[in-house]
1. Run the numbers on the chain and let me know its relative contact order in percent, using alpha-carbon pairs under 8 Å that are six or more apart.
2. Compare the peptides 131-139, 73-81 by average per-residue count of other Cβ atoms within 10 angstrom and give them in order, highest first.
3. Once you list every other residue whose beta carbon is under 13 Å from the beta carbon of LEU36, what net charge do they have if Lys and Arg are +1 and Asp and Glu are -1?
4. Expressed as a rounded percentage, what relative contact order does region 89-171 have, with Cα pairs under 8 Å and six or more residues apart?
5. Evaluate E = 1/(1 + (r/R0)^6) for TYR110 and VAL90, where r is the Cβ-Cβ distance and R0 equals 25 Å; express this FRET efficiency to the nearest 0.05.
6. Return the distance in nm (one decimal) between the two label points of a simple spin-label model at ASN119 and GLN70, each offset 7 Å from Cα along Cα→Cβ.
7. With both partners inside the chain, how many of the DSSP beta bridges are antiparallel, as a percent to the nearest 5?
8. Where does the charge balance sit around LEU138 when Lys and Arg score +1, Asp and Glu -1, over other residues with C-beta under 12 Å from its C-beta?
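No lab work stands behind these numbers, since they all come straight from the coordinates. As the structure is a prediction and not an experimental result, all values here were calculated from the model. Using ideal geometry, Cβ is built from the backbone for each residue, glycine included, and neighbour counts are taken over all protein chains shown.
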Amino acid sequence: MITAAIDPGKHGAVAIDNGGITFYDCPQDEFDLLHLLSCKEVDHVVLENVGGARQGNGLVSAVTFAKHCQLLRSTLTVARIPFTLIAPSVWIPAFLGADKPQFPVTPQEYQRLDIKGRNKVDAKYKAIRKKKILQKVLDKTGLVGVRLAHADAIGLLLYFKEKRDGCETGF
């Protein structure tokens, strides 16, 4: 079975496992997505379950991102490509395990911050977490040319493969 994992967004990526892992920037329209998946003969897609509203996100960017996420889901549905949705809150802690970074402030300190302060803390944590994911991907795969933009898709794919194969350890 050839599986693809998609990290949606303008700076997202697609990772495909067809005996070896290849990765691409995330297609921004349905035609490019279908072309990529059909050329690689993908049987199943794992899609990061994101695209909902979050406090502090700009309205225009949140709507644009949600539309992109829905475009991916709709395209897969119409093309009859089976897909699994996995939330970042599920796969990231399992993938990183003990390497998951500590949140930079205590919950009490976070509660006292205004929206701008929370956004800064969230951005700092996300940057640290992304670097940890990238390092884990590089350590596990030895792939060359992987950028931060590709790391989540590859990490999601590795997580799904381990779960699918019934091997809970190894991360």
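1. On the way: 228 pairs, mean separation 47.0, N = 171.
Relative contact order of the chain: 27 percent.
2. On the way: 131-139: 16.9, 73-81: 14.3.
Put in order of decreasing packing, that is 131-139, 73-81.
3. Values: positive: LYS40; negative: ASP25, ASP29, GLU30, ASP32, GLU41.
Overall, the nearby charge balance is -4.
4. Values: 48 pairs, mean separation 30.7, N = 83.
Across region 89-171, relative contact order equals 37 percent.
5. Values: r = 22 Å, r/R0 = 0.87.
Given R0 = 25 Å and the Cβ-Cβ separation, E is 0.70.
6. The modelled label-to-label distance comes out at 2.3 nm.
7. Numbers: 10 of 18 bridges.
Around 55 percent antiparallel, to the nearest 5.
8. Numbers: positive: LYS131, LYS132, LYS136, LYS140, ARG147; negative: ASP139.
Taking every other residue near LEU138 into account, the sum is +4.
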